[in-house]
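Shown next, in structure tokens, is the structure this report addresses.
The values are calculated or read from the model by the stated rules, or taken from the named source; none is laboratory data. Note that the structure is a prediction, hence the values are computed from the model and not measured. Ideal geometry is used to build each Cβ from the backbone, glycine not excepted, and the neighbour counts take in all protein chains shown. Surface accessibility is based on the protein's heavy atoms, side chains included, excluding ligands, DNA and RNA. Shrake-Rupley method; radii C 1.70, N 1.55, O 1.52, S 1.80 Å.
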Amino acid sequence: MPGPVTYVPPRPDDRPTSYRQYRLADQLIELATVERRTDVPPPAMWQAAQDHIDDPALLMAMARSAFDRAYYRIAASLALKAAEGGSEEAGRILANLAQIQGQNELAMVWRLWCARNTTDSDVTWRLAQAYEEKGDTTAARHWWRRTIELDRGRAISDLLPTLRANGWLLDAVEWLRSAADTGHSSALAAVARLLDEAGQAAEALIWYERAAAAGDEYDASNLAHQLAELGRHEEAAAVWQQRAELGNGLAMVYLAKCQLAMGADPYVWLEKAIPTGSKGYLKIIVPLLTEAGRVDDAVRLILLHAEGGDFRAVARASNWLIRLGRSEDARQVWLPLVESGDPTAMLYLGRLLEAAGEQDAAERMYHAAAVAGDISALRQLADLHLARGEPDAAITLWQSAVDADRTWAVVPLAELLTANCRRPEAEALARESAERGNRSAMQFLGENLFDPVEAEGWLRAAARDSVEGARALANWFENAGRTNEAAEVWQPFVRRGDHRSLRRMIDVLRRAGDLDSVDRLHRTAIETGHLGAKSFLDTDEALACYGIEPGGASAAPWSIQPPPGWCP
């Protein structure tokens, strides 16, 4: 049996440290992450981290954890020590904290400190945005250029609106020249895209060709699309054929589209595309064929698409056939799946038959689907009987599902029996199922029994490890005016880190007017890392600027220091 910690020897490429690394035993990790996830570390732990940790990476791990808990003062202190050790990430956290406090100039100083020797385009991107928001176009242009040079054009799509708005599209081409001239595929592609955006289509095409030749598949596609738009279908087809011969289904579809535009027969490649499962295939080709008056050809391709027996392919084929007015064909494509016993296919076919006015055939299909275990089909068939004033027939249907040991049918049957003045039968049915562990039956009893003690007992049973059951129990307590108990229902789920349950608990207390408890819960939620809990800080300007301290108290005003030894 291993001990509580295991020594982890350093790897050959690890950075030397002044301490030994250990890994917690699995059972302790489980204890910390599950059973104690709502425990809050004491203030002394954070102070010890600042006093004794020297490794910038570890300091930053602690700083991020502190920031996530809105311990902003502690996060700043840990990050500053990491910055003194050369951590670039520390500067980002300190810049964010300065911005949170409204110290925009100091935030800019920290961003400049990060960007001094950075190779991270995200750092320069943020700095460029900050200068642009400040209205300093010259500085923004410098840092956008640095971003593009570092990124080599990979994020050019996201930058296009900025470049276009400032008239820098052709400037950006020059910024990328160096990387493009070395044959870097993303730079080649970005130059092509920039020239295209600048209206220089002919020159853009040359660069698309270079990018495609450099092996960029995405830009080979761009090249083919550009050629097709210029009416150069034979050249576009040649590009698509290279990818199609490698088994790319969508390339096969676009190749067929080019062949159609050239008056050639597209079917060879379309038939080859079917086994690839390309979803875009029908969307592209069917409208082209129908616009050309070749509806029968479109139908033939749709039927071929459905032949594999894949449910989604059949559904797509059926929808297209309905659009083309081929209702009979739309029903026929479902038959192989129906004959194989697929209950969902039976349901879909039943709906098509009902839409065609074939009510008896539709009901037979719904009945077959219901017998096969499809609850939607059973519900639809039962609703048809109810609409015709045949409640006994609907009850018989649900009863047959219960008799087949389908537990999901118990509550619908109990509800139907109750609605038809057969409450004792409904209660007996639900009680028998609940005693065998059916949670939905427990919930039905809790919501429908007249005896409040028994009702509460069933709701408590339904609420164990079930959010739906907990919701029913909490609502029951609220309606009874037992607000504190309603809030406590959610406590086991909150302890497991369920942020939605925390929100429900807070909402219960807020409706009861217990704002002190709401405030306490919000602060605890922030400290324990519940998702979205930090939005509570926005309700108070001081909290939003300075955060909280361990234990949940509001932090006193504090200030962020500039970078160590900073000289702009």
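Quick notes on this one:
- Candidates L270, L289, filtered to the one that is touching an Asp or Glu at 6+ places or on another chain (Cβ under 6 Å) and either at pLDDT 80 or above or in a helix (DSSP H, G or I) (or both): L289
- Selection from the range 355-366 of residues that are surrounded by 15 or more Cβ atoms within 10 Å (Cβ to Cβ) and touching a residue at least 24 places away in the same chain (Cβ under 8 Å): M365
- Among residues that are farther than 30 Å from A261 by Cα, in a helix (DSSP H, G or I) and more than 33 Å from the chain's Cα centre (by Cα), E174 is included.
- Failed item, numbered, when G135 is tested on (1) closer than 18 Å to G167 by Cβ; (2) crowded, with 18+ Cβ neighbours inside 10 Å: (2)
- Taking the conditions (1) of a type outside the set (A, V, I, L, M, F, W, C); (2) in contact with a strand residue (DSSP E or B) (Cβ under 9 Å, 6 or more places away or on another chain); (3) open to solvent by 60 Å² or more (accessible area, probe 1.4 Å) in turn, R500 satisfies each one other than (2).
- Criterion (open to solvent by less than 40 Å² (accessible area, probe 1.4 Å), at pLDDT below 85 and over 35 Å from the mean Cα position of the chain (by Cα)) met by exactly one of L205, L230, L223: L205
- The residues listed here are G325, G309; of these, the one that is touching a Leu at 6+ places or on another chain (Cβ under 8 Å), of a type outside the set (F, W, Y) and open to solvent by less than 70 Å² (accessible area, probe 1.4 Å) is G309.
- Residue count for the range 145-171, restricted to those that are part of a helix (DSSP H, G or I), without any contact (Cβ under 8 Å) to a residue 24 or more places away in the chain and open to solvent by less than 70 Å² (accessible area, probe 1.4 Å): 1
- Residues located in the range 339-354, provided they are farther than 11 Å from A377 by Cβ, open to solvent by 60 Å² or more (accessible area, probe 1.4 Å) and touching a residue at least 24 places away in the same chain (Cβ under 8 Å): S340
- Options A455, A463, A472: the member that is farther than 30 Å from R92 by Cβ, among the aliphatic types (A, V, I, L, M), touching a Gly at 6+ places or on another chain (Cβ under 7 Å) and free of Cβ contacts under 8 Å to residues at least 24 places away in the same chain: A455
- Residue count for the range 1-59, restricted to those that are at pLDDT 70 or above, over 30 Å from A553 (Cα atoms) and assigned to a helix (DSSP H, G or I): 0
- Residue match in the range 543-565 (condition: part of a helix (DSSP H, G or I), open to solvent by less than 50 Å² (accessible area, probe 1.4 Å) and either under 30 Å from R116 (Cα atoms) or among the β-branched types (V, I, T) (or both)): yes
- One residue stands out in the range 427-454 among those that are in a loop (DSSP other than H, G, I, E, B) and within 20 Å of N479 (Cβ to Cβ): the one that is nearest to the chain's Cα centre (by Cα), namely L449.
- Residue in the range 324-332 that is closer than 27 Å to A251 by Cβ, of a type outside the set (D, E), in a helix (DSSP H, G or I) and free of Cβ contacts under 8 Å to residues at least 60 places away in the same chain present: no
- Scope the range 62-117; condition more than 19 Å from S554 (Cβ to Cβ) and among the aromatic types (F, W, Y); matching residues: W110, W113
- Residue count for the range 455-497 under the criterion of being exposed (fewer than 14 other Cβ atoms within 10 Å of the Cβ), in a helix (DSSP H, G or I) and acidic (D, E): the result is 1.
- Of the residues in the range 337-358, not one is in contact with a Ser or Thr (Cβ under 7 Å, 6 or more places away or on another chain), closer than 21 Å to A462 by Cβ and in a helix (DSSP H, G or I).
- The lone exception for T182 - which of (1) open to solvent by 70 Å² or more (accessible area, probe 1.4 Å); (2) at pLDDT 85 or above; (3) over 29 Å from Q103 (Cβ atoms); (4) not charged (D, E, K, R) it fails: (2)
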